[in-house]
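The values are calculated or read from the model by the stated rules, or taken from the named source; none is laboratory data. Values in this document were obtained by computation on a predicted structure and should not be read as measured data. Reconstructed Cβ throughout: ideal geometry from the backbone, glycine too, with neighbour counts over all protein chains shown. Quick note on the areas: whole protein, heavy atoms, side chains included, nothing else; ligands and nucleic acids left out. Shrake-Rupley method; radii C 1.70, N 1.55, O 1.52, S 1.80 Å.
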Amino acid sequence: MKLFPRLLGLGLLSILVLLLVMSCESTKQATSEFGSPNRIKGEVIAKPESRQIVHFTDSSTEYNTPRSELAQAFIRQFGDGTVVDKIQVRKAPTGPDEPISYYLIGMGLRNGMFRAMALPLTAGGDNTYYLRPTAERYTITGQGCPMCFFNFENGRIVGTTCGEKVGGSTCDLKVDINNSLFSAAPVK
């Protein structure tokens, strides 16, 4: 009878010692042939890369990131149950001397209310546009308004408009300084 508790205690002690030994650091820092550590300088590790979204040709718009993937990313970015079912890239109205700018826009509904999010795209070479993780995020929530629109001035979003003027209906605009559209995506 007394043998069983002792064996159980010895077993637990052995597991504890094994865990302590395994937790000791047994890694070695990589070194080059000259003996110095290989380190990446700058903020390369800390900043996620920009994501290629769209490429414009003379006759078409080619999405480099599939629309279904963009819709799922918008749903994750909203994070509140908004279901995004429409994705578009829209050219922002600008003045004659203003540079051309485009926005990636996801639209959908949450509890029957209109929701939309717009993210400015950055021009790359050869008519290709990218989404930066530091790009602003413009979010519209409609209150009693079936369809809201972004208002642009000189290529920038400056406000919203309700599509149908119904008493008490509004389109509330919220601006955030960055986005995590693709940072929450599972790594494949």
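Give a residue-ordered list of calculated ³J(HN,Hα) values for the range 110-123 (Karplus: 6.51 cos²θ - 1.76 cosθ + 1.60, θ = phi - 60°; whole Hz; x for Gly, Pro).
Per-residue couplings from phi come out as 9, 6, x, 9, 5, 9, 8, 9, 10, 10, x, 9, 9, 6 Hz.
Ranking request for peptides 173-183, 69-79: highest mean number of other beta-carbon atoms within 10 Å first, then the rest in descending order.
Answer by packing, highest mean first, reads 69-79, 173-183.
When only Cα pairs under 8 Å and 6 or more residues apart are kept, what is the percent relative contact order across the range 91-188?
Working: 201 pairs, mean separation 23.9, N = 98.
Relative contact order for the range 91-188 comes out at 24 percent.
May I ask you to evaluate 6.51 cos²θ - 1.76 cosθ + 1.60, the Karplus curve with θ = phi - 60°, for each residue of the range 57-70 and list the ³J(HN,Hα) values in order in whole Hz, giving x for glycine and proline?
My calculation for the range 57-70 gives 10, 4, 10, 8, 10, 10, 7, 7, 10, x, 4, 5, 5, 5 Hz in order.
At a 1.4 Å probe, what is the % contribution of carbon and sulfur to the accessible area of the range 84-188? Write out the running numbers ahead of the final one.
On the way: 2840 of 5750 Å².
C and S fraction of accessible area: 49 percent.
Stretch Thr57-Asn151 to full length: gain in nm at 0.36 nm per residue minus the Cα-Cα span? Numbers along the way, then the final one.
Values: separation 94, 0.36 × 94 = 33.84 nm, distance 2.65 nm.
Taking Thr57 through Asn151 to full extension adds about 31.2 nm, to one decimal.
Under 5 Å between amide hydrogens, which residues at least 5 positions from Arg156 or on another chain qualify, with H placed 1.01 Å from N in the peptide plane?
Close amide H contacts, sequence-distant or interchain: none at all.
Given the peptides 131-139, 164-172, arrange them by the average over their residues of other C-beta atoms within 10 Å, most packed first.
My ranking of the peptides, most packed first, is 131-139, 164-172.
Which length gain, in nm to one decimal place, applies between Thr134 and Val89 when the Cα-Cα distance is subtracted from 0.36 nm times their residue separation? Before the final figure, lay out each step's value.
On the way: separation 45, 0.36 × 45 = 16.20 nm, distance 1.82 nm.
Result: 14.4 nm gained on full extension.
How about the range 142-176: which chymotrypsin sites (Phe, Trp or Tyr not before Pro) there lie in a loop by DSSP and see at most 14 other Cβ atoms within 10 Å? If you can, show how the numbers build up before the last one.
Numbers: sites: Phe149, Phe150, Phe152; in loops: none.
Listed in order of number, the matching sites amount to none.
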